[in-house]
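Notes for the one structure printed next.
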Amino acid sequence: GGFTLSGGEPLMQARFASRLFDAVKQMGVHTAIETNGYYGDHLSDNELRNIDLVILDMKAFTRTQHELVTGGMHNEDVLEFCNRLAELRRPMWLRYVLVPGLTDIPEEMEAVAEFGASLGVVERAEILPFHQMGRYKWERLNLEYRLDDTDPPSNEMVAKAVSIFRQAGIDAD
């Protein structure tokens, strides 16, 4: 059990998130946040100490790939946030969405896995196979959905990704 704050991106409302974590920690409840890390600098070191586990969605490791996956957002702030969490010894889990033709690049996964292992606080990695369940949101918002023709990854592709993280020394599934 515990309290997990997720979103969208919960750190877009960092002041609210901080107050929630403070209140929950005062009740003695385990806390976790699911974030992409981009707004990690919106929380102070003391505020981060109220978060027992950071579940971080790693989109990519290289700036070029991160910009491709996110539609133009750089990842320097994400990597800096990860390094800061490591310095503060805050436990992390990494999540990596495996999208055929977009994020299934072995070298990119290796870089994410090696970076995660180097932090010394990553307890596990979760490989999340891409699916089409969120397509309707794009349609309702009248936004172009670029992954319309993308199939979920095969079991073999998922197993290969899991293997890459395990080879880097991270428990993965």
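The values are calculated or read from the model by the stated rules, or taken from the named source; none is laboratory data. On a predicted model such as this, the values are computed, not experimentally measured, just so you know. FYI the Cβ positions are ideal-geometry reconstructions off the backbone, even for glycines, and counts take in every protein chain you see. When the accessible area is computed, the model is the full protein with side chains, heavy atoms only, and any ligands, DNA or RNA have been set aside. Shrake-Rupley method; radii C 1.70, N 1.55, O 1.52, S 1.80 Å.
Assorted remarks:
- 17 Å cut-off, amide nitrogen to a point 7 angstrom out along ALA86 Cα→Cβ, residues in segment 4-39: 37-38
- The accessible-area ordering, largest first, of the residues PHE3, PHE165 stands as PHE3, PHE165, per a 1.4 angstrom probe.
- Under 5 Å between amide hydrogens, built in the peptide plane, is the criterion, and for THR4 it picks out ALA32 among residues at least 5 positions away or on other chains.
- Selected from LYS137, LYS59, LYS25 as most flexible by GNM, with the chain as the system and alpha-carbon contacts under 10 Å: LYS137
- Over the residues of the chain, the helix contribution to mean residue ellipticity at 222 nm works out to -12000 deg cm²/dmol, using -39500 (n - 2.57) for each DSSP H run of at least 4.
- Calculated Cα extents along the principal axes in Å (choose from (i) 46, 44, 37; (ii) 58, 41, 37; (iii) 47, 41, 31), label: (iii)
- Using 0.36 nm per residue and subtracting the Cα-Cα separation, the extra length available between ARG49 and SER163 on full extension is 37.9 nm.
- Built amide H within the under 5 Å cut-off of LEU98, gap 5+: LEU128, PHE130
- Amide H contacts of ALA172 (H built 1.01 Å from N, in plane; Pro and chain starts excluded): ALA125 sit under 5 Å, all sequence-distant by 5 or more or on other chains.
- Taking GluC sites (Glu not before Pro) across segment 12-107, none is in a DSSP loop with at most 12 further Cβ atoms lying within 10 angstrom of its Cβ.
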